[in-house]
1. Being open to solvent by 30 Å² or more (accessible area, probe 1.4 Å) and over 30 Å from Q154 (Cα atoms) is the filter here, so list the residues in the stretch 182-216 that pass it.
2. Considering each of R303, R370 in turn, give the residue that is more than 16 Å from the ligand (Cβ to nearest atom), more than 20 Å from the chain's Cα centre (by Cα), open to solvent by less than 20 Å² (accessible area, probe 1.4 Å) and not hydroxyl-bearing (S, T, Y).
3. Go through the stretch 156-168 and report how many residues are in contact with a Leu (Cβ under 7 Å, 6 or more places away or on another chain) and touching a residue at least 24 places away in the same chain (Cβ under 8 Å).
4. Name the helices (runs of 4 or more DSSP H) wholly inside the stretch 235-329 in which the number of residues that are among the small types (G, A, S) is 2 or more.
5. Only one of these is open to solvent by less than 10 Å² (accessible area, probe 1.4 Å) and basic (K, R): R365, R355, R375, R281. Name it.
6. Going through the stretch 394-430 one residue at a time, which ones are within 22 Å of L301 (Cα to Cα) and open to solvent by 20 Å² or more (accessible area, probe 1.4 Å)?
7. Answer yes if at least one residue in the stretch 40-53 is assigned to a loop (DSSP other than H, G, I, E, B), farther than 23 Å from A342 by Cβ, modelled with pLDDT of 95 or more and open to solvent by less than 30 Å² (accessible area, probe 1.4 Å), and no otherwise.
8. Would you confirm whether or not the stretch 70-79 contains a residue that is charged (D, E, K, R), out of contact with any Pro (no Cβ under 8 Å at 6 or more places or on another chain) and either over 16 Å from D344 (Cα atoms) or open to solvent by less than 20 Å² (accessible area, probe 1.4 Å) (or both)?
Amino acid sequence: MASQAKVTDYRAFPEAQTVIARALAENPEIFPPPVSRWDVGRAELFNEERWEPVFRQMRAEAPINKVEGTIHADYWNVATLKPIVHIESLPEVYSSSYVHGGVTMHEWPKYMSLDYALQSFISMDRPDHTERRHVVAQAFTPSEMVRLTDEVRQRTGALLDALPEGEEFDWVSRVAVRLTTAMLAVIFDFPREDMDLLGFWSDWVGAIEAAKIPEVTQGRTRAKLEMAAYFRDLWEQRRKAGERGDLLSRMIHSDALGHLSEAEFTGTMTTLVTGGNDTTRNTMSGLVHALNLFPDQRDLLERDPSLAAVAVPEAIRWVSPLCHMRRTALADADLFGQEVKAGDKLVLWYISANRDESVFDDPDRFWIERPNARRHVAFGYGIHRCVGARLAELQLRVLIEEMLARRARVHLAGTPQRCGGAFLHGYHKLPVTVERY
Ligand code: HEM
């Protein structure tokens, strides 16, 4: 696909992670200590890698429990796989809608207009969700994946070939971010010379706890509006160019997405940019982390490259790049013996369900031949199950295959730095070296 002309100049500074880290350090009063051991919606629990034992205990003692008076108000924790699947199978009872609170545990400030809420099909219920998703899904069909495979392989291979050998570098910025932003650029036919902006915007809108800090909220809102403005320009250019195969073009020429309000346009683009970016990016980093923590599994993969495809769902399960999604009960309900009331917030901890020992043997282990790795709920479940799942899996499989084809072994060269908190289970930095085996 030919790239478009550059739209205009856009801000790519300051980097979200730097501002957020500083703002968090300077505003300790906004984050009082957790109210109880089950008050797990806390960035530090995930960023300091302390979540595993807490959730293990929760699964054993109180897999569905309610906490009250937290920084995210009152919420139910749902920590095991079966009730999460149950909840997501009942979208009429458990809503995703932004009108009721949306899909993250972050509490929408009462003073803030819903115009700024994420008005996107991920945070809509039926029937609004259905047609909008249908348009987007056409960009991720199995035949589209076949069509994209050569491009993904060629681009991934070229990037791996350009990596230095025996010299330390950051896997996140040099590999994971570049591969996933370039993929999004292909999907949208986004101007390649501006594609770093996709990562910049995505970083700003991801961190939910930081949204409690006014300085960060302003930064996020500004990034969202700039992103929307950019896509609006591109939208106009593309509309005039007539119907083509890229996702933006499909949206423009559809009834469901062709005439969105500004708020909904911004929300939809935010979902597509962040959905396609952070998640896959962090799985690419988590994969390298896992291969280093479990060298027997790396040996196995290196000895038998045909295992690349089965390693993908296990990597996604083990990483769980989205810690949770949220639902809001629209009616009183009995949830496996717990009385949920209309209006209650439920936090579906995918990261914990993917370690549910009643489903996965030895769940903390990264085990590439795990027979039921595909039962993971990292992509969610039901009508909102990730529409980009196939594309994520394609990118990850090709990355593994191309690493193996080059006999490139990626060693951790320092401590991974985490980011993202209780929503995005992310890597800020992953220092590595590459050697040929
Ligand atoms: C490993 C990578 C990925 C993970 C773990 C992931 C995870 C998720 C999850 C948990 C949901 C919500 C599911 C629910 O509410 O039940 C979701 C929805 C979504 N994802 Fe992904 N995602 C990934 C990659 C992608 C990619 C590559 C794209 C697109 C380029 C994408 C686009 C979307 C969109 C548009 C939705 C909304 C679907 C709907 O509401 O119908 N995701 N994803």
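The values are calculated or read from the model by the stated rules, or taken from the named source; none is laboratory data. What you see is a predicted model, and the numbers here were worked out from it, not measured in a lab. Please note: Cβ atoms are built from the backbone with ideal geometry, for glycine as well, and neighbour counts cover all protein chains shown. For accessibility, only protein heavy atoms count, side chains too; no ligands or nucleic acids. Shrake-Rupley method; radii C 1.70, N 1.55, O 1.52, S 1.80 Å.
1. Here is the first cut: in the stretch 182-216, the residues open to solvent by 30 Å² or more (accessible area, probe 1.4 Å) are 192-193, 195-196, 203, 212, 214-215.
Passing the criteria: K212, P214, E215.
2. The match here is R370.
3. The first filter runs over the stretch 156-168 and keeps only residues in contact with a Leu (Cβ under 7 Å, 6 or more places away or on another chain), leaving 156, 159.
If we keep only those that are touching a residue at least 24 places away in the same chain (Cβ under 8 Å) as well, we get 156.
The total comes to 1.
4. Values: elements: 247-252, 262-293, 295-303, 308-319.
Passing ranges, in order: 262-293, 308-319.
5. Values: R365 fails: open to solvent by less than 10 Å² (accessible area, probe 1.4 Å); R375 fails: open to solvent by less than 10 Å² (accessible area, probe 1.4 Å); R281 fails: open to solvent by less than 10 Å² (accessible area, probe 1.4 Å).
None of the other options fit; the residue is R355.
6. In the first step, residues of the stretch 394-430 are kept if they are within 22 Å of L301 (Cα to Cα); the result is 394-413, 430.
Matches in the stretch 394-430: R397, E401, E402, L404, A405, R406, R407, R409, H411, L412, A413.
7. The answer is yes, given that some residue of the stretch 40-53 is assigned to a loop (DSSP other than H, G, I, E, B), farther than 23 Å from A342 by Cβ, modelled with pLDDT of 95 or more and open to solvent by less than 30 Å² (accessible area, probe 1.4 Å).
8. The first filter runs over the stretch 70-79 and keeps only residues charged (D, E, K, R), leaving 74.
Within this subset, residues satisfying the condition of being out of contact with any Pro (no Cβ under 8 Å at 6 or more places or on another chain) are 74.
Subsequent filtering for residues that are either over 16 Å from D344 (Cα atoms) or open to solvent by less than 20 Å² (accessible area, probe 1.4 Å) (or both) retains none.
No, the stretch 70-79 contains no residue that is charged (D, E, K, R), out of contact with any Pro (no Cβ under 8 Å at 6 or more places or on another chain) and either over 16 Å from D344 (Cα atoms) or open to solvent by less than 20 Å² (accessible area, probe 1.4 Å) (or both).
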